[in-house]
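Working notes for the structure below.
The values are calculated or read from the model by the stated rules, or taken from the named source; none is laboratory data. Since we're looking at a predicted model, the values are computed, not measured. Cβ atoms come from the backbone with ideal geometry, glycine included; neighbour counts cover every protein chain shown. Note: accessible area is taken over every heavy atom of the protein model, side chains too, but ligands, DNA and RNA are not part of it. Shrake-Rupley method; radii C 1.70, N 1.55, O 1.52, S 1.80 Å.
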Amino acid sequence: MSANQGERARRRLSTAERREQLLSVGAKLFSESPYDEVWIEQVAEIAGVSRGLLYHYFPTKRDFFAAVVERESERMLRMTAALPGVPAREQLTAGLDTWLAYVQAHAHGFRAFHRADAAGDQAVRRVYQRSLAAQERQILAALAADPEFGPDFSALPRVRLAVRGWLAFTTAVCLEWLREGELSLEEVRDLCARALLGIIA
């Protein structure tokens, strides 16, 4: 592609479209390689933009990574959104299948995200806290909509605390699963599902 063609391609994308393009490239690269092996120059080259333009959207590599994770977290929430009329137990199983398949396919990014959060990286911690709160709300909403549980049950402080603790448990299980690889996806799903159903019973 000539320089003029490249300039025209850049002009054809709006700000929102360009940002989405960069995040898509980042999601692919961070899923395939460890964080330290992904270079901003590589992202810019694949996207067909200058490194300076990428830094215009994302001031640092960590900001870029945090934005990628936030985008992927929002996508996962949409993929596991509660379905009206479907029992929470069924939704839990289906949601875990989707979540675990995603974790498995994006192992590098999942590990990097939680390493950065554990290290106290503020950009990642903000994303982590928003993502955790959204997941918690989604689970509680599914419980509230299910006649087996209902809104009064889901509003109990112990239930909210149990769901929050279960999300931390599931993260720990996923990290160990990726490291050890001894269990199948189905076995990990059943373990996590039983854990949540057990603590809210």
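Observations on the model:
- Of the GluC sites (Glu not before Pro) in region 110-201, those whose Cβ has at most 15 other Cβ within 10 Å and which sit in DSSP loop: Glu148, Glu182
- Shape of region 98-201, Cα gyration tensor, a/c cut at 1.5: oblate
- Computed [θ] at 222 nm, deg cm²/dmol, the chain (DSSP H ≥ 4; -39,500 (n - 2.57); rounded to nearest 500): -26000 deg cm²/dmol
- Between region 127-149 and region 88-124, the Cα center-to-center distance that results, in Å: 15
- Surface/4 of the Cα convex hull for region 13-115, nm²: 7.4
- With all protein chains in place and a 1.4 Å probe, the accessible surface of the chain carries 55 percent carbon and sulfur.
- In plain terms, if you count all Cα to Cα distances in the chain and split them into 10 Å steps from zero, the share in each step is 8, 31, 30, 19, 9, 2, 0 percent.
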